[in-house]
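Here is the structure we will look at.
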Amino acid sequence: MKLLFVTATRIGDAVLSTGLLGHLVARYPGARITIAAGPAAAPLFAAVPGLEQVIVVEKQPLSLHWLKLYARVAGTLWDLVVDLRGSAISYLLFARERRRMVGKGGTDEHRVEQLARVLQLAPPPAPRLWTLPEHERAASALAPPGGPILAIGPAANWRGKEWRAGRFAELALRLTAPTGILPGARVAVMAAAHEREAAAPLLEALPAERRLDLVGKADLLTAAAVLRRAALFIGNDTGLMHIAAAVGAPTLGLFGPTQAAQYAPWGARTAVAQTAIPSLQLYGPGFDHRTTDTMMDSLSVAAAEAAALGLWRRSGGAAA
């Protein structure tokens, strides 16, 4: 069985597609799988069972990236091609069966549900991630045993989605105070190396003896392994948020300018805290995501704390 799985460029979208991939892995044991993904998302798939190769699809002008992908895969007779990018490539390949994403659906339908229709699956399969022993060893070194961990993702791919670092700090100190749900817990601050500026005020506000500075220190699957050890994750609408949910950590996603109905963390152990100002009302005349400041200020620390407490109670007060 030869399977080609064409998935997303962005990390979050790629994570959400792993439910379909997991379904295919289980349905076709022993299948030889090729995955095509964007450069940021490609490392997510290093440990997929049956993986033959990951092809990095880097966007190019005039859609030339599809020609490059075609050149890599055209010589194979595929048993199944699943194209979640909605390109024409599946029609150009020798394939016994083709499944292709058509349209993105409405903003009131979750992306996981939209993706499930590609294979006509109901209920939708939940996202999941696979790790290797090397990722587990690295995670144990970064977050060694020693009490519960509150993981926080304070950055995002554009500033408008970022809750202020000072509010993350206040929330973390409340939740780990002697009267909090995680008294004395360590706080793992997680972000990419280029996001250190967004994380710095939070790191500075945390007690040194309880601070785990993981900024720029974990690749995606090591981050997944760390988050699997977390008692609770709180973060902005990002790929890291979706990774946390996919590995089973109780996950609170903070939402403002993006649509929670479509991109909330998926699963029974997840929750959302949203700005008091509705998403669409946050966009003013001349909006430019490259220059905007945070659009999250109408989400109070008290509201985020209440959402965290509710999630904690529903999750049984422990990680998976």
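The values are calculated or read from the model by the stated rules, or taken from the named source; none is laboratory data. In this text the structure is predicted, and so the values were computed from the model without any measurement. Quick reminder, even Gly has a Cβ in these numbers, built from the backbone with ideal geometry, and neighbours come from all protein chains shown. Calculation scope for accessible area: heavy atoms of the full protein, side chains included, ligands and nucleic acids excluded. Shrake-Rupley method; radii C 1.70, N 1.55, O 1.52, S 1.80 Å.
Consider ARG313 carefully, then state whether it is among the basic types (Lys, Arg) and in a helix (DSSP H, G or I). Yes; evaluated as a whole, the condition is true for this residue. The helices (runs of 4 or more DSSP H) falling completely within the range 52-161 that include 1 or more residues that are within 20 Å of the chain's Cα centre (by Cα) map to 111-116, 133-142.
For the range 86-141, how many residues meet the condition of being among the β-branched types (Val, Ile, Thr) and over 19 Å from ILE243 (Cβ atoms)?
Number satisfying all stated conditions: 4.
Per the conditions (1) open to solvent by 10 Å² or more (accessible area, probe 1.4 Å); (2) of a type outside the set (Asp, Glu); (3) without any contact (Cβ under 8 Å) to a residue 40 or more places away in the chain; (4) in a helix (DSSP H, G or I), the sole criterion not satisfied by ALA169 is (1). Among (1) at pLDDT below 95; (2) at negative phi, which single condition is VAL54 missing? (1) is the only condition that VAL54 fails. THR275: open to solvent by less than 20 Å² (accessible area, probe 1.4 Å), touching a Leu at 6+ places or on another chain (Cβ under 9 Å) and closer than 25 Å to PRO123 by Cβ, yes or no? When the stated conditions are applied, THR275 does not pass them.
Comparison of ALA141, ALA126, ALA156, ALA122 shows that the only residue that is touching a residue at least 60 places away in the same chain (Cβ under 8 Å) and out of contact with any strand residue (DSSP E or B) (no Cβ under 9 Å at 6 or more places or on another chain) is ALA126. Among the residues of the range 11-62, those that are farther than 30 Å from ALA155 by Cα and either of a type in the set (D, E, K, R) or open to solvent by 60 Å² or more (accessible area, probe 1.4 Å) (or both) comprise ALA26, ARG27, PRO29, GLY30, ARG32, GLU52, GLN53, LEU62.
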